[in-house]
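Have a look at the structure below before the remarks.
The values are calculated or read from the model by the stated rules, or taken from the named source; none is laboratory data. Values in this document were obtained by computation on a predicted structure and should not be read as measured data. In this analysis, Cβ positions are derived from the backbone assuming ideal geometry, glycine residues included, and neighbour counts consider all displayed protein chains. To get the accessible areas, we keep the full protein, side chains included, count just its heavy atoms, and leave off ligands, DNA and RNA. Shrake-Rupley method; radii C 1.70, N 1.55, O 1.52, S 1.80 Å.
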Amino acid sequence: MTIYFVAGEVSADNHGAALMRSLRALDPELKFVGRGGPQMQQVAGAQFKNWIGDAAVLGLWEVLRKYGYFREQFRQALNEIRESKPDAVVLIDYPGFNLRLARALRKQSHSRKTIYYISPQVWAWNRGRIKKMARFIDLVLCIFPFETDVYAASGLRAVFVGHPMIERLERQKIDTHRDQNLIGLFPGSRSREVRKIFPVMIEAARRLLELNPPLRFQVAAASEQLADEMRKIVTPHLNPLPSGRGEAKVEAEPNESLHQMSASPTGKAKMEIAPNESSHQTPLPLSRGDERMRSAKGPLLDAIEITVGQTATIMQRAFVGIVASGSATLEAAYFAMPFVLIYKVAWPTYVAARLVVNVDFLGMPNLLAGKEVVPEFIQHEAKPDAIIEAVRLLMDDSPARDRMISDFDATTSKLGGTGASERAAQAILEELKEGRSPDRPGGVETVSPSTTR
């Protein structure tokens, strides 16, 4: 049998490669074709196209700028599927491209299966679209338990397989203890969100350091390129505190994606860091300022550092974290690191998102719990003073910390544990064996992880 895959971002490449390996373990004769990233290509072979570098874009403006490129890639994908005649097409996240591709494939043929792994977040911003999806998708493999209920009314078959992130996080556990003077900063994995969110984090860190000089801060950068960008951003925020209480100005970026305002299942923090990546720790430069700041040169340089590839380690050692909305919030919950959530986008994006996003919370731990487990500071509420107050509560109030950690345990227990890739692979092969008439009404199938092992 042949399966054609489409993955358009780094995290989807990670999950796609794990799924491929699980499929091969069940059926060594399977042939994989399609497009994704280097990890999927390594499993599938040289004929598999690595297009991640060009395909992973963020924001409406970037998509419009590359419209010609995506139009050509869409045409090529259809031709590749027509020529390879796969038994199934597995689409991984990347809804802007993949939902259109699924619709086009259904118009061409009813013989092949179309399976969506890591479903698009239509439950957050356009539930009415699910009924349309049911017309051209045979099966959705869900990573959150509540998603199957959302699909129930649409006739779209859905199976809960668990979150594949858990497998990676389980491998990244270390034997360590929390440092009561260490605060972790996690500003996201995309340049635009870093430019918007990181200045707020640094300003909060600087003021926390004024209140408590023994504190230290570790910043988790998703790449060396982002680490360099952070170093450029941070210098102005190490100037002396202003006499007023106004916030440091952060310029608006016009091109944030609307979908970033909804919680992301794979990782709004889409770029994932493998556990064996090297760490580069670089002290932040001291800006020229008043004598008080210069006299603290040594402690200040030692207090803040940027690291690459050390997200999991920081989350297991930090006493408290400040985390940008995205998959990093689930990672923090899994590692039981108390934290506060912040997120900022350009105002036009925020206003538009408020009109369409219909969830009560932005952070996935809060969505899964159905309540505010983690304080959320979104847009105009993301101010250093408010963040500092919430952070100090988590540092000084043991009952508050204990409640949050207990809620984290209850939340992450809903994600299915390890084995999501194996369960997804088994569901795909069962779907291929059973077959489905395109004229038969769809149904919803909620399968607990324990029943698909």
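Data overview
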{"read-out": "Whole-angstrom gap from the range 151-175 to the range 1-54, using each part's C-alpha centre", "value": "18"}
{"read-out": "Amide H partners (placed H, <5 Å) of Leu182, local residues excluded", "value": "Arg216, Phe319"}
{"read-out": "Label-point separation, Arg21 to Ser84 (7 Å along Cα→Cβ), nm", "value": "2.0"}
{"read-out": "Net length gained if the chain between Leu64 and Glu430 were fully extended (0.36 nm per residue, minus Cα distance)", "value": "127.9 nm"}
{"read-out": "Rough spin-label spacing in nm, given labels placed 7 Å along Cα→Cβ, for Lys31 and Glu381", "value": "5.4"}
{"read-out": "Cut-off 19 Å, label 7 Å out along Cα→Cβ of Arg392, residues of the range 306-334 by amide N", "value": "319-323"}
{"read-out": "Sequence-separation-based contact order of the range 1-49, relative, with Cα cut under 8 Å and 6+ spacing, percent", "value": "45"}
{"read-out": "Surface share of carbon and sulfur [accessible, 1.4 angstrom probe, percent] for the range 66-166", "value": "50"}
{"read-out": "Rounded, prolate or oblate (a/c below 1.5 giving rounded, otherwise prolate when a/b exceeds b/c) for the range 314-426 by Cα gyration tensor", "value": "oblate"}
{"read-out": "5 angstrom amide H check on Phe160, placed H, neighbours 5+ away", "value": "Cys142, Val447"}
{"read-out": "Computed over the range 1-90: relative contact order in percent, which uses C-alpha pairs under 8 Å that are six or more apart", "value": "39"}
{"read-out": "Prolate/oblate/rounded label for the range 118-236 (Cα gyration tensor, a/c 1.5)", "value": "prolate"}
{"read-out": "Spacing of the two label points (7 Å from each Cα toward its C-beta) at Arg75 and Gln108, in nm", "value": "1.4"}
{"read-out": "Whole-number D in µm²/s for the range 144-210 (Stokes-Einstein; Kirkwood sum over Cα pairs; 20 °C, 1.002 mPa s)", "value": "131"}
{"read-out": "FRET efficiency estimate (nearest 0.05) - Cβ-Cβ, Asp360 to Gln47, R0 45 angstrom", "value": "0.50"}
{"read-out": "Gain on full stretching of the segment that runs from Ala400 to Asp149 - 0.36 nm per residue minus C-alpha separation", "value": "87.2 nm"}
